[in-house]
Amino acid sequence: MSSPNPATTCLPASGSNANRAELPENALVLPPTTQLQALLTIIRDEKTQRGDFVFTSDRIIRLLVEEGLNHLPVVPKTVRTPVGLEYEGVTFQGRICGVSIMRAGEAMEAGLRDCCRSVRIGKILIQRDEETAQPKLFYAKLPDDISERYCLLLDPMLATGGSCIKAIEVLLSHGVKEERILFLNLIASPEGVNNVCTKFPKLRMITAWVDEGLDSRSYIIPGLGDFGDRYFL
Ligand code: PRP
Ligand code: URA
């Protein structure tokens with residue numbers, strides 16, 4: 001069996017992820033591996049049917065959650081292994097919760113639960129007006145002790161940033177510290193990243209990809225269309 005030819009298996013970092021140096025420091029982007037680019041190609045494809053869209057989005061969400069957990073603080077912890085030796089490891093410090101921006105953010109809850117079994121999850125219902133793209137807040141239900149927790153804010157699409165900013169304002173009004181907010185996102189526009197990350201310089205966001213921009217309806221381009229419709233309907 002012949003070994004794979006690196007020239008055919010490796011892609012250069014392409015798309016606008018190549019200009020990540022221009023992003024604010026608190027915006028982190030997943031490494032543009034060929035696996036990630038292949039997964040994004042599937043969910044961007046207008047021909048992809050719902051089953052494949054859900055399966056593939058869930059795989060990217062899992063990558064985001066695993067990376068997000070790397071940004072939570074840990075403290076040293078020593079354990080004894082079955083061979084009678086000590087292992088000097090670490091354990092997470094502090095409690096977390098997830099908060100999804102409904103509806104699309106709810107698609108990310110299962111990925112968080114897969115990694116953090118009994119994690120508490122709050123919900124904020126924000127909908128963009130289809131004509132103006134302005135966000136409207138309808139509802140928020142959050143854990144009572146959210147002000148003591150690290151908060152993983154979940155929304156797959158960051159376009160103008162209006163919905164995310166409104167959600168962060170809700171979290172801050174409930175006593176969550178800005179530096180304890182970690183925003184997990186699949187696809188962002190540069191405008192959205194800049195709007196959120198400069199307004200809230202102490203939060204961190206992790207996205208899988210930064211696209212080129214927004215169209216006249218404030219949809220992300222090239223984007224993938226309406227995430228919520230493609231995932232749930
Ligand atoms: C989408 C998306 C974000 C928002 C992004 O939700 O999930 O919440 O738009 O746009 P913005 O950055 O310009 O605010 P939408 O309001 O369409 O509702 P949905 O989750 O029900 O699809
Ligand atoms: N919401 C989406 O689902 N997609 C976009 O491109 C913008 C907002």
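The values are calculated or read from the model by the stated rules, or taken from the named source; none is laboratory data. What you are looking at is a predicted structure, and each value in this text was computed from that prediction instead of being measured. In this analysis, Cβ positions are derived from the backbone assuming ideal geometry, glycine residues included, and neighbour counts consider all displayed protein chains. Heavy atoms of the whole protein, side chains included, go into the accessibility calculation; ligands, DNA and RNA do not. Shrake-Rupley method; radii C 1.70, N 1.55, O 1.52, S 1.80 Å.
Restricting to the stretch 196-224, give me the number of residues that are touching a Gly at 6+ places or on another chain (Cβ under 7 Å) and within 20 Å of Glu130 (Cβ to Cβ).
The number of residues fulfilling the criteria is 1.
Which condition breaks for Ser216 when tested against (1) open to solvent by 40 Å² or more (accessible area, probe 1.4 Å); (2) assigned to a helix (DSSP H, G or I); (3) without any contact (Cβ under 8 Å) to a residue 40 or more places away in the chain; (4) not aromatic (Phe, Trp, Tyr)?
Exception for Ser216: condition (2).
Search the stretch 152-170 for residues being touching a residue at least 40 places away in the same chain (Cβ under 8 Å) and surrounded by fewer than 24 Cβ atoms within 10 Å (Cβ to Cβ), and hand back the single one that is farthest from Asn26 (Cα to Cα). Lay out the reasoning, then the answer.
Step one: of the stretch 152-170, the residues touching a residue at least 40 places away in the same chain (Cβ under 8 Å) are 152-160, 163-164, 166-167, 170.
Checking which are surrounded by fewer than 24 Cβ atoms within 10 Å (Cβ to Cβ) leaves us with 160, 166, 170.
Values: Thr160: 17, Lys166: 18, Val170: 20 Å.
Per the criteria, the residue is Val170.
Asp229 versus (1) open to solvent by 10 Å² or more (accessible area, probe 1.4 Å); (2) within 14 Å of ligand 2 (Cβ to nearest atom); (3) in a loop (DSSP other than H, G, I, E, B): which is the lone unmet condition?
That leaves (3) as the condition not met.
Which condition breaks for Val196 when tested against (1) near ligand 1 (Cβ under 10 Å from one of its atoms); (2) in a loop (DSSP other than H, G, I, E, B)?
With (1) near ligand 1 (Cβ under 10 Å from one of its atoms); (2) in a loop (DSSP other than H, G, I, E, B) applied to Val196, the lone miss is (2).
May I ask you to say which residue of Gln93, Gln127 is within 16 Å of ligand 2 (Cβ to nearest atom) and within 25 Å of Lys177 (Cα to Cα)?
Values: Gln93 fails: within 16 Å of ligand 2 (Cβ to nearest atom).
It is Gln127.
Does Leu182 satisfy the condition of being within 13 Å of ligand 1 (Cβ to nearest atom) and in a strand (DSSP E or B)?
Details: within 13 Å of ligand 1 (Cβ to nearest atom): no; in a strand (DSSP E or B): yes.
Spelling it out, it is not the case that Leu182 is within 13 Å of ligand 1 (Cβ to nearest atom) and in a strand (DSSP E or B).
For Ile206, indicate whether it is within 13 Å of ligand 1 (Cβ to nearest atom), open to solvent by less than 60 Å² (accessible area, probe 1.4 Å) and either assigned to a helix (DSSP H, G or I) or in contact with an Asp or Glu (Cβ under 7 Å, 6 or more places away or on another chain) (or both).
Values: within 13 Å of ligand 1 (Cβ to nearest atom): no; open to solvent by less than 60 Å² (accessible area, probe 1.4 Å): yes; either assigned to a helix (DSSP H, G or I) or in contact with an Asp or Glu (Cβ under 7 Å, 6 or more places away or on another chain) (or both): yes.
When the stated conditions are applied, Ile206 does not pass them.
Say whether the condition of being part of a strand (DSSP E or B) and under 23 Å from Phe227 (Cα atoms) is met by at least one residue in the stretch 155-167.
Step one: of the stretch 155-167, the residues part of a strand (DSSP E or B) are 157-158.
Filter once more, keeping what is under 23 Å from Phe227 (Cα atoms): 157-158.
Scanning the stretch 155-167, I find at least one residue that is part of a strand (DSSP E or B) and under 23 Å from Phe227 (Cα atoms), so the answer is yes.
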